Amino acid sequence: MIKLFHVSKHYGTKSVLNDVTLLIEKGDMCCIVGPNGAGKSTLLKLMFCQEQSDRGQIMINNQNVTHMSQSAMPAVRQRMGFIFEDFRLMLRKTVLQNIVLALTIAGTPHKQGRQNVDRVLEALRLEHKKHDAASDLSAGEQQRVCIARAVVSDPLVLLADEPTGSLDSTATAEVFDLLRGMSARGTTVVLATQNQDVADRFPQHRVTLNQGRMTEQRNTCGI
Amino acid sequence: MRYLIYCFRETGANFLDYRGLSAVALVTSALSMLCVGLFFVIYVNIHEVVQALENEIIMDIYLDEGLAENQILILERVILLNPEVGNLEFVSHRDAIEAYLERYQEEEALVASLGEQALPASFMVSLAPTHRTVAGVTSLAKKIEGIKGVSEIQYGQEWIQAFGWGTRLLMLIGSIVGATLALASIAIVANTIRLTLFNRKHDIDILRLLGATEAFIRGPFLVEGVALGALGAGVSLILLKIIFESFIYRVGDGLMQGHAVAFLSPAALGALVGCGACLGFVGAILSLRPTRKAWV
Ligand SMILES: Nc1ncnc2c1ncn2[C@@H]1O[C@H](COP(=O)(O)OP(=O)(O)OP(=O)(O)O)[C@@H](O)[C@H]1O
Ligand SMILES: [Mg+2]
């Protein structure tokens with residue numbers, strides 16, 4: 001469960017987020033849509049403690065993460081998955097090593113880890129590439145590795161920043177199936193996109209962001 | 001377990017990516033450990049000789065002329081009271097002359113001309129096993145010196161002192177050179193790791209985003225430091241063995257007069273590798289020490 005109360009964020013004098021209040025239930029799948037520079041990535045980074053908000057409170061699974069100490073951060077992040085806009089892969093490492101790294105950090109037991117790895121490799125069609133260096137992959141493949149790494153440790157919260165930006169339509173559909181499946185199993189998914197077609201796939205809970213303000217919220221999840 | 005594999009894999013990757021630097025760090029730690037090892041070998045062998053010689057120490061206590069038989073008996077009792085004394089043997093004038101003539105037969109005429117008492121009577125004292133040290137013999141000498149009826153004591157004071165000074169000087173030089181080189185290798189290991197750390201900044205940022213703790217991130221660099229130090233020590237042992245076989249062994253055999261020249265014991269070899277690992281560990285700790293805002 002994710003709660004934001006009157007969250008604002010400035011970069012210098014520029015206001016990037018302005019008084020955002022948002023409630024996302026456990027297992028909910030929320031789509032944040034808005035044009036470039038609307039503040040979608042910034043919003044996700046605040047939830048991920050990658051940036052600090054200037055005002056307001058952020059709660060993740062009943063834990064206040066607004067002003068979290070550096071030492072408390074790893075434990076929170078280990079329970080979250082983040083699909084980065086710019087992938088953030090370790091390019092020298094293989095696909096498999098990148099994915100396993102998330103399990104190593106989370107301390108997932110070996111046997112369960114193996115099963116998870118096999119499952120995500122299959123779901124994202126990366127099996128035949130698993131021993132390739134991440135640097136040798138196409139952008140779409142790199143994005144899929146990034147998704148695999150984010151979901152492999154079964155996170156409670158999944159933050160997806162433009163997760164299908166480099167994917168073809170088949171892969172896009174597969175990724176959304178994967179995300180829906182996770183949401184159905186209880187993972188809270190937050191997805192940010194500037195693509196209206198993508199947003200149209202999530203009519204239940206959709207938030208529109210424009211120049212840092214929430215201009216529209218549509219939530220039919222509870223109904 | 002998986003983390004250990006990760007640590008070793010990262011360390012391996014760091015070695016490969018920074019071959020030159022790692023090699024320099026390896027060579028310095030090898031050199032410093034080699035130096036320590038060399039002094040150690042020499043010290044161990046000299047110590048061996050000193051100990052053998054100490055076991056053979058005999059003290060000759062020469063007596064004043066013209067002591068009566070009962071005076072000699074009393075003197076013997078008094079000397080035997082000292083705990084340092086193991087065995088005591090009385091050497092009369094006659095015994096002394098016989099022993100002398102056995103060694104220098106050609107001087108029979110000279111000895112005969114000097115008469116019965118040409119050589120003084122003496123006690124030949126060997127030390128009790130627990131007191132067979134330089135300290136033991138010197139303390140015994142001090143106690144006996146003042147006794148009435150004793151004219152002179154001989155136990156090879158000069159070379160015993162010289163040996164003592166020699167080993168101490170060697171230890172001093174060894175420690176100074178070893179410590180200097182150890183500091184140098186700590187500094188170089190620390191710098192090597194620091195540089196890898198900065199070059200890995202991108203990866204370290206990703207690790208933090210994935211929720212890695214600072215300890216998790218530092219692990220591979222600690223392993224790297226320990227590995228550099230321990231490998232350096234390993235290389236130094238090989239070099240030491242080569243130097244030992246081709247040089248010390250041959251030269252030493254002549255110098256040590258019958259005492260076998262020994263290489264280091266397995267425990268000492270292990271200790272050297274352990275020292276190397278510690279140097280590397282300290283180097284790694286130093287390079288990782290600054291607080292998290294600053295360290296990368
Ligand atoms: N580190 C930063 N320093 C200064 N300004 C920043 C920083 N990060 C983001 N911004 C500004 O904040 C605004 C919102 O950025 P953000 O990345 O959240 O947009 P976005 O909605 O994700 O856009 P896109 O669709 O292009 O990904 C932008 O105008 C950007 O210039
Ligand atoms: Mg963005």
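Using a Förster distance of 51 Å, how high is the FRET efficiency between residue A:10 and residue A:127, based on the Cβ-Cβ distance and rounded to 0.05? Walk me through the numbers on the way to the answer.
Numbers: r = 45 Å, r/R0 = 0.88.
After rounding to 0.05, the efficiency reads 0.70.
Taking the Cα centre of segment B:58-155 as origin, sum charge times position over the Cβ atoms of Lys and Arg (+1) and Asp and Glu (-1), and report the length of that vector in debye to the nearest 20.
Values: 7 positive and 16 negative charges, 129 e Å.
Charge dipole of segment B:58-155: 620 debye, to the nearest 20.
Between residue B:179 and residue B:43, take the C-beta separation as r, use R0 = 22 Å, and let me know the FRET efficiency to the nearest 0.05. Please report the intermediate quantities before stating the final value.
On the way: r = 15 Å, r/R0 = 0.69.
For residue B:179 and residue B:43, the calculated efficiency is 0.90.
Tell me the angle of helix B:214-243 to the major Cα principal axis of chain B, expressed in degrees between 0 and 90 and rounded to the nearest ten.
40 degrees
Pick out, from B:70, B:138, B:59, the residue whose Cα sits farthest towards the positive end of the charge dipole of segment B:58-155, with +1 on the Cβ of Lys and Arg and -1 on the Cβ of Asp and Glu.
B:138
In square angstrom, what is the accessible area per residue of chain B with a 1.4 angstrom probe? Don't skip to the end; give the middle numbers.
Details: 16190 Å² over 296 residues.
So chain B comes to 55 Å² accessible per residue, rounded to a whole number.
Enumerate the aspartates and glutamates that residue A:9 could reach by cross-link, defined here as Cα to Cα under 17 Å, with residues fewer than 8 away along the same chain left out.
Qualifying aspartates and glutamates at Cα under 17 Å: A:19, A:51, A:54.
For peptide B:199-212, compute the average count of partner chain beta-carbon atoms within 10 Å of each residue's beta-carbon. Please list the in-between numbers first.
Numbers: counts 0, 2, 0, 4, 6, 0, 1, 8, 4, 6, 9, 17, 15, 8.
Mean inter-chain Cβ contacts per residue within 10 Å come to 6.
On a 23 Å Cα-Cα criterion, which of the cross-link pairs A:26/B:201; A:3/A:111; A:40/A:129; A:93/A:129 come out too long? Let's see the in-between values first.
Working: A:26/B:201 35 Å; A:3/A:111 34 Å; A:40/A:129 31 Å; A:93/A:129 12 Å.
From the list (A:26/B:201; A:3/A:111; A:40/A:129; A:93/A:129), the Cα-Cα distance tops 23 Å for A:26/B:201; A:3/A:111; A:40/A:129.
What does the helix-only formula give at 222 nm for the protein assembly as shown: each DSSP H stretch with n ≥ 4 adding -39500 (n - 2.57), the total divided by the residues, and the result rounded to the nearest 500 deg cm²/dmol? Walk me through the numbers before you get to the answer.
On the way: 19 runs with 285 residues, N = 519.
The helix-only estimate for the protein assembly as shown comes to -18000 deg cm²/dmol at 222 nm.
Within segment B:217-237, whose backbone N sits under 19 Å from a point 7 Å along Cα→Cβ of residue A:92?
B:217-229
Determine the gain in length on full extension of the stretch residue B:8-residue B:138; use 0.36 nm per residue of separation and subtract their C-alpha separation, reporting nm with one decimal.
On the way: separation 130, 0.36 × 130 = 46.80 nm, distance 5.64 nm.
Gain in length upon complete extension: 41.2 nm.
Quick one: if the Förster radius is 22 Å, what FRET efficiency do residue B:68 and residue B:88 give, using the C-beta to C-beta distance and rounding to 0.05?
Details: r = 19 Å, r/R0 = 0.85.
The calculated FRET efficiency here is 0.75.
Got a sec? Which residues in segment B:88-108 would a label at residue B:147 touch, if it sits 7 Å along Cα→Cβ and we count backbone N under 13 Å?
It comes to B:88-91, nothing else.
Relative contact order, percent, of chain B when contacts are C-alpha pairs under 8 Å separated by at least 6 residues? Provide the component values of the computation, followed by the final result.
Numbers: 331 pairs, mean separation 93.7, N = 296.
Relative contact order, chain B: 32 percent.
Relative to a virtual label point 7 Å from the Cα of residue B:78 in the Cα→beta-carbon direction, which members of segment B:144-171 show backbone nitrogen distances below 17 Å?
Within reach of a label on residue B:78, which here means backbone N under 17 Å from a point 7 Å along Cα→Cβ, segment B:144-171 contributes B:144-154.
Considering only B:28, B:120, B:221, whose Cα is most displaced toward the positive end of the charge dipole of chain B, charges sitting on Cβ of Lys, Arg (+1) and Asp, Glu (-1)?
Ranked along the dipole, the leading option is B:221.
In whole percent, what relative contact order does segment B:58-155 give with Cα contacts below 8 Å and a gap of six or more residues? Intermediate results must be reported in sequence, preceding the final value.
Numbers: 120 pairs, mean separation 50.4, N = 98.
Worked out over segment B:58-155, it gives 51 percent.
So how far apart, in nm, are the two label points at residue A:195 and residue B:285 if each is 7 Å from Cα heading toward Cβ?
Distance between label points: 5.3 nm.
Residue B:100 versus residue B:52, label points 7 Å from Cα toward the beta carbon: distance in nm?
Those two pseudo-labels are separated by 3.1 nm.
Which residues of segment A:146-192 show a drop of at least 10 Å² in accessible area when all protein chains are present, compared with their chain alone (probe radius 1.4 Å, heavy atoms only, ligands and nucleic acids excluded)?
Residues of segment A:146-192 that lose at least 10 Å² of accessible area once the other chains are added: A:149.
Could you pull out the chymotrypsin sites (Phe, Trp or Tyr not before Pro) across segment A:45-87 that fall in loop regions by DSSP (anything but H, G, I, E, B) with no more than 14 other Cβ atoms inside 10 Å? Before the final figure, lay out the partial values.
On the way: sites: A:48, A:82, A:84, A:87; in loops: A:48, A:84, A:87.
Counting only loop positions with at most 14 other Cβ atoms within 10 Å, none of the chymotrypsin sites (Phe, Trp or Tyr not before Pro) in segment A:45-87 qualifies.
Once you've got the GNM for chain B with C-alpha springs shorter than 10 Å, pick whichever of B:263, B:123, B:247 has the biggest mean-square fluctuation.
Greatest mean-square fluctuation among the candidates belongs to B:247.
Long-range amide H contacts for residue B:210: which residues qualify at under 5 Å (H placed 1.01 Å from N, peptide plane, sequence gap of 5 or more or a different chain)?
none
For a quick check, take a GNM of chain B with Cα springs below 10 Å and name the residue from B:102, B:54, B:152 with the largest mean-square fluctuation.
B:102
So for segment A:21-119, averaging the separation of alpha carbon pairs under 8 Å that are six or more residues apart and normalising by length, what relative contact order in percent results? Before the final figure, lay out the partial values.
Details: 40 pairs, mean separation 13.9, N = 99.
With pairs under 8 Å counted, the relative contact order is 14 percent.
Evaluate the distance, in nm, between pseudo-label points positioned 7 Å from the Cα of residue A:138 and of residue B:267 along their respective Cα→Cβ axes.
If labels sit at residue A:138 and residue B:267, their model points lie 6.7 nm apart.
Return the single residue from B:214, B:145, B:108 with maximal mean-square fluctuation; model: Gaussian network over chain B, springs between Cα atoms under 10 Å.
Per the Cα network of chain B with a 10 Å cutoff, B:108 tops the list.
The values are calculated or read from the model by the stated rules, or taken from the named source; none is laboratory data. Quick caveat, the model's predicted, so the values are computed rather than measured. All Cβ positions, glycine included, derive from the backbone under ideal geometry; neighbour counts span all protein chains shown. Side chains are part of the model used for accessible areas, which takes the heavy atoms of the whole protein and leaves out ligands, DNA and RNA. Shrake-Rupley method; radii C 1.70, N 1.55, O 1.52, S 1.80 Å.
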